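The values are calculated or read from the model by the stated rules, or taken from the named source; none is laboratory data. What you are looking at is a predicted structure, and each value in this text was computed from that prediction instead of being measured. Cβ: placed from backbone, ideal geometry, glycine included. Neighbour counts: every protein chain shown. In case anyone asks, the SASA skips ligands and DNA or RNA and just uses the protein heavy atoms, side chains included. Shrake-Rupley method; radii C 1.70, N 1.55, O 1.52, S 1.80 Å.
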Amino acid sequence: MQRSRIILAGAVLLTVGVAGVLLGRDGPNPIHVESLKNPGFESGTDDWSIAIYGAKPTIGPDGKIVHEGKQSLRISSTEPSDAALSQELMLAPGRPYRLCGWVRTRDLDPHGAPVYGTFQIQTPGGREVVASGTNHGGDTDWNEVVIDFEAPPGGRTRVAVFFTGFGKGTGTAWFDDLKIEEVDAAKAPLRITRDFLPGTINPMQYGQFIEYLCDLVPSMWAEKLYDGGFEGLSPYKVVYLKETDYREKPWRPYGATNRAEFTLDRDNPVSGQTAQRIAAKDGAPCTVGIAQDGIAVQKGMACDFSCYLRQQNLDGPVTVRLHRDGTELTSCTFEPGGEWKKFHARLDPTETETNATLSITFRGPGTLWIDNASLMPEDGVGGWRRDVVEAVRALKPSVIRFGGSTLDDANLGEFEWKDTIGDPDKRKPFRAWGGLQPTGPGLEEIVQFCRLVDAEPLICVRFSKRKPEDAAEEVQYFNGAADTPMGKLRAKNGHPEPYHIKFWQVGNERSGADYEARLAAFCKGMREADPTITLLSSYPTEGVLKAAADQLAYVCPHQYNCANLAACERELDATRQLIRQFGRGRPIKVAVTEWNTTGGDWGPGRAKLWTLENALACSRYHNLLHRQADIVDIADRSNLVNSFCSGIIQTDNHRLYKTPTYYAQQLYAAYAGSRPLKIESAVPVRIAPDVSATLSQDGSVVTLFAVNATLNEVARPLDFSAFGDKGQEIAVWTLADRQKAGEPDVTNGFGDPERVSPAASMFGTDGPRFTYRFPPLSLTVLRWKVAS
């Protein structure tokens, strides 16, 4: 129920003074909102919950020192105390609100606590901070604290009153006259100014991330056979939907299986630990072998089949066939001998089939050994799937990081970079997150992939159980001249020219005393191998900067809570202060080398990562990075492909589709300018809608990115008058649900791969000031041509 209208700095505030019903702006769907009870503490602490850690303070009404009404709330403690009051109420989800309240302090000393003499907006139970007010300490008179925020998803909102929080303080604080009001943003123009925000937007803010995580790398590699080395498939340690998760197809006995013995032979494999042995018993002739199903082939697209074979007592050839049911698509034969030999054949299917079978058979009696079988399409690009290469290149990632938990956590993998270089037939197989990884796409191939898609590789080196010399060898292998020890090995492996990799990160998700103690030695060793490299740390801490500030160009938080922009912004601001305090005056910046809305949520909850809601959260994070361009150069979203929903590209054995987040990131990478512009508004630029504006390098185009993550259309006055006084036709791209279901969880799929994808349009204006209506659940990109 609307009690009054208050005009404040151009924005209309609708006071939520009593419980009532607000109607959705697009229809009569009732939203039951609740008022803040006892907002002026006229009834003491009634309706407020109290939480105390440490010393128990004095909490109660004060009738002498008041801001409004008959009394205020006074909290006082002479001993260190963490004390707060809170109240939960229902607001309209996603709507913009403003909390106003008054604070007064005397001798309030937080003793290092980060929150004191202020208010906060939190999610239910205080699990997350939505927005926080300005702290007040020492001696202050009455000060108004104003917090603009969006009501959390679900609408349930917690208002917190902090004496001292997340630490213990002493002194006295008074609180009085709280109000929560809904903001009518339609009355608050967004004025895009010619003033620059600090910093320059680096294209590497739109970076991506590759790691050996489940089926991420296999889904990018063009290889059509699984477990070509016969090491044995194994399940991943995590799942999305265990009943339907995609699983690699195993080898299976084929033919007269009753006449043969199928074993994994450990005595003489070509590589790895085992080779496949098939022994057909003496007696009448029989055809036996092995087969693998689920293979996609295309008419007119030949594949190169290869494998190692040796035999004993065979009288006839080994036959390799691609077939479906009774129809043969293509075949070849080989004549193996008593020693291992690699065989090749070009298999050219006569039909297109998405579920073909490849069989390797012989006519027994006799014994056949098979190892390192491979079926690679001829249209692969350096071994990678052509469709994946093209999709990533179109994304314009600028930088791709290689790292991840498998690198530095023995519980999740067996990765050692030296095992992934050289002849793929001689490489040591390894498992990541429980699952077997193919030996073809090693670290050198990943670097080559980065270059194929015009991205700079960012390589994370292993820290745990390694020495500086190990990291230095890795740098020398990729960057050293061909006459250096590791450069010679690289040249022997077929790449005499150095890769000149610029960015190197020391350790994945490392922190603590051991990391801080050994970090500088790693940096020194790597620089001795190549003095031109740019070094990144793992997590930013005081100890990291004290140990290696002279060596580092970047410190690297991971932000898997990007849906909570306030928390991300606080962490980036804290990191900026950390660098100022302990960076020894060096221009150290931030590289967020992994980020997303979640890094876990395994099981059905992980589906959020391929939704429209995720795309909008990631878009808002990009807007935040534009505003933090002075400190954040690099940001690598996790993850690139598949990875149980987190990949912005999703593949199966013959096709791919792009998730909503792919299209969102593509819009930012394609259209964002290099200079972030200041936007003036009575409502913070992060809400209703969340916006950022950039100017192109040549100064000819202003691009506005606007994210409306609410279920309602949002109308906002826009003002481009700083860049011209006439109207024009504006190019617009809108990322939204084509079906307009009004559901944030919609996504794309193989059945409808472009349900959520950008739609291009033009919008005509009579002048530089106009109102634009941003659709619900959308990212809108508007391009304003600057008048000469």
When all protein chains stay in place, what accessible area (Å², nearest 10, 1.4 Å probe) is found for residue 763? 60
Report in % the part of the accessible area of the chain that belongs to carbon and sulfur, leaving out ligands and nucleic acids; probe 1.4 Å. 49
³J(HN,Hα) across region 301-314 via Karplus (A = 6.51, B = -1.76, C = 1.60, θ = phi - 60°), whole Hz, x for Gly/Pro? 10, 6, 10, 9, 9, 8, 6, 9, 9, 8, 9, 9, 6, 8
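Over the chain, average the accessible area per residue using a 1.4 Å probe and give it in Å², no decimals.
On a per-residue basis, the chain sits at 40 Å².
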Using the structure shown, list the pairs from 242/658; 224/342; 237/299; 428/589; 237/524 with a Cα-Cα distance above 26 Å, or answer none. 237/299; 428/589; 237/524
Mean-position separation - Cα centroids, region 331-405 and region 676-738, in angstrom: 48
The long-range amide H neighbours of residue 430, using H built 1.01 Å from N in the peptide plane and a cut-off of under 5 Å, are 437
Which value, in debye to the nearest 20, describes the size of the charge dipole of the chain about its Cα centre when Lys and Arg Cβ atoms bear +1, Asp and Glu Cβ atoms bear -1, and nothing else is charged? 640
Once the Cα gyration tensor of region 176-226 is diagonalised, semi-axes √(5λ) in Å: 47, 22, 13
Karplus (6.51, -1.76, 1.60) ³J(HN,Hα), θ = phi - 60°, over region 399-405, in Hz, Gly and Pro reported as x: 9, 10, 8, 10, x, x, 5
Using the Karplus curve 6.51 cos²θ - 1.76 cosθ + 1.60 with θ = phi - 60°, what ³J(HN,Hα) values do you get for each residue of region 412-429, in whole Hz, with x for Gly and Pro? 10, x, 10, 6, 9, 4, 5, 6, 10, 10, x, 4, x, 6, 10, 6, 7, x
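Rounded, prolate or oblate for region 654-736? Axes are the square roots of the Cα gyration tensor eigenvalues, ordered a ≥ b ≥ c, and the cut-off for rounded is a/c under 1.5.
oblate
Please compute the Kirkwood hydrodynamic radius over the chain, one decimal place, Å, based on all pairs of different Cα atoms.
29.6
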Just by accessible area at a 1.4 angstrom probe, what is the order of 532, 367 from largest to smallest? 532, 367
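Can you list which of the trypsin sites (Lys or Arg not before Pro) found in region 567-620 are DSSP loop residues with at most 11 other C-beta atoms within 10 Å?
Sparse-neighbourhood loop trypsin sites (Lys or Arg not before Pro): 584.
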For residue 401, other-chain or 5+-apart residues with amide H closer than 5 Å (H placed, Pro excluded) are 208, 209, 210, 458
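Determine the sum of side-chain charges near residue 707: Lys and Arg each +1, Asp and Glu each -1, restricted to other residues whose C-beta is under 10 angstrom from that of residue 707.
Here the count lands on +1.
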Region 54-128: Rg/Rh from Cα coordinates, Kirkwood Rh? 0.99
Quick one: ranking 339, 351, 571 by accessible area, 1.4 Å probe, largest first, what do you get? 339, 351, 571
Neighbour-limited loop hits for trypsin sites (Lys or Arg not before Pro), region 721-756 (at most 16 other Cβ within 10 Å; DSSP other than H, G, I, E, B): 726, 738, 740
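Work out, in µm²/s and without decimals, the Stokes-Einstein translational diffusion coefficient of region 54-188 at 10 °C, 1.306 mPa s, Rh from Kirkwood over C-alpha pairs.
Stokes-Einstein gives a translational diffusion coefficient of 105 µm²/s.
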Virtual spin-label span in nm between residue 233 and residue 348, 7 Å along Cα→Cβ: 3.1
For the chain, what's the relative contact order in percent, using C-alpha pairs closer than 8 Å and at least 6 residues apart? 12
Tell me, what is the 1.4 Å probe accessible area of residue 281, in Å² to the nearest 10? 110
Roughly how much of residue 445 is accessible, in Å² to the nearest 10, using a 1.4 Å probe? 30
If r is the Cβ-Cβ distance from residue 500 to residue 335 and R0 is 51 Å, what FRET efficiency results, to the nearest 0.05? 0.65
Write down the radius of gyration of region 726-781 and its Dmax, each obtained from C-alpha positions, in Å. 13.8, 45
Debye log10 I(q)/I(0) at q = 0.11, 0.17, 0.20 Å⁻¹ for region 287-407, Cα point scatterers: -0.49, -0.90, -1.08
If you project the alpha carbons of region 189-317 onto the principal axes, what extent comes out on each, in Å, largest first? 89, 36, 29
